[in-house]
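Take a look at the structure set out below.
Any read-out appearing in this document is the output of simple, stated calculations on the displayed coordinates, not a laboratory observation. The structure presented is a predicted model; accordingly, all values stated were derived computationally and were not measured. We place every Cβ from the backbone using ideal geometry, glycine too, and count neighbours over all the protein chains shown.
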Amino acid sequence: MTQTKEYASQIIGELTQVMGALSEPQSASLIQHILQANNIFVAGAGRSGLMMTGFAMRLMHLNLSAYVVGQPVTPRFESGDLLFIGSGSGETQSLVSMAEKAKRLGGAIALVTTTPASTIGQIAEVVIQLHAQPKQGSNDHSMTIQPMGSLFEQSLLLYCDALVLSLMELRGVTSSAMFQRHANLE
């Protein structure tokens, strides 16, 4: 017999704990950086990258200039732009190199991570800590029943969706207005 329903319930409890520990001042700072940026570039590796891609899509729906790093249609990064990285460890080498280059180019760096003291965290203007187990965390289930970085990745998705709701409120944008920017060649 499977325990899918019970597992889902436990996951929701874990997510509730992570979201309950968020810092509103850090989130407010991130929102200001997003609103002040000429362009917002998002990046992440693996599943974290997928969550960040979903966030870029919602920023586009909000009529903000947002791009996913590494896509063929992504323009050059310049001074006044924001690089927003989702990385549990804050140490993924490709993301560290990207953050260092963005800094040299005069842009701002924002990081959502489990590890604020990471390499990227040390150079970022804004660091949001999600109190979730890192990918290589312990296996004693003290924080999560889930494997690897699942709790961080789920929390990243929820956090970014909460940012979208805050941005909608601040900009006076409705869901129906956002839908007007939804893809229509599907």
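So which residues in the range 57-91 are in contact (Cβ under 8 Å) with a residue 24 or more places away in the chain, among the hydrophobic types (A, V, I, L, M, F, W, C) and in contact with a strand residue (DSSP E or B) (Cβ under 9 Å, 6 or more places away or on another chain)?
Just the residues of the range 57-91 that are in contact (Cβ under 8 Å) with a residue 24 or more places away in the chain, to begin with: 58-70, 74-75, 77-91.
Of the ones still in play, those that are also among the hydrophobic types (A, V, I, L, M, F, W, C) are 59-60, 62, 64, 66, 68-69, 77, 82-85.
Matches in the range 57-91: Leu59, Met60, Leu64, Ala66, Val68, Val69, Phe77, Leu82, Leu83, Phe84, Ile85.
Take the residues of the range 92-110 that are of a type in the set (A, V, I, L, M, F, W, C) and touching a strand residue (DSSP E or B) at 6+ places or on another chain (Cβ under 7 Å): which is farthest from Arg76 (Cα to Cα)?
Of the residues in the range 92-110, the ones of a type in the set (A, V, I, L, M, F, W, C) are 95-96, 98-99, 102, 105, 108-110.
Still in the running and touching a strand residue (DSSP E or B) at 6+ places or on another chain (Cβ under 7 Å): 95, 98-99, 102, 108-110.
On the way: Leu95: 16, Met98: 12, Ala99: 14, Ala102: 10, Ala108: 14, Ile109: 15, Ala110: 18 Å.
For the range 92-110, the residue satisfying everything is Ala110.
Considering only helices (runs of 4 or more DSSP H) fully contained in the range 89-186, which possess at least 3 residues that are exposed (fewer than 14 other Cβ atoms within 10 Å of the Cβ) and among the aliphatic types (A, V, I, L, M)? I'd like the intermediate steps shown before the answer.
Working: elements: 93-104, 119-123, 150-171, 175-179.
It comes to 150-171.
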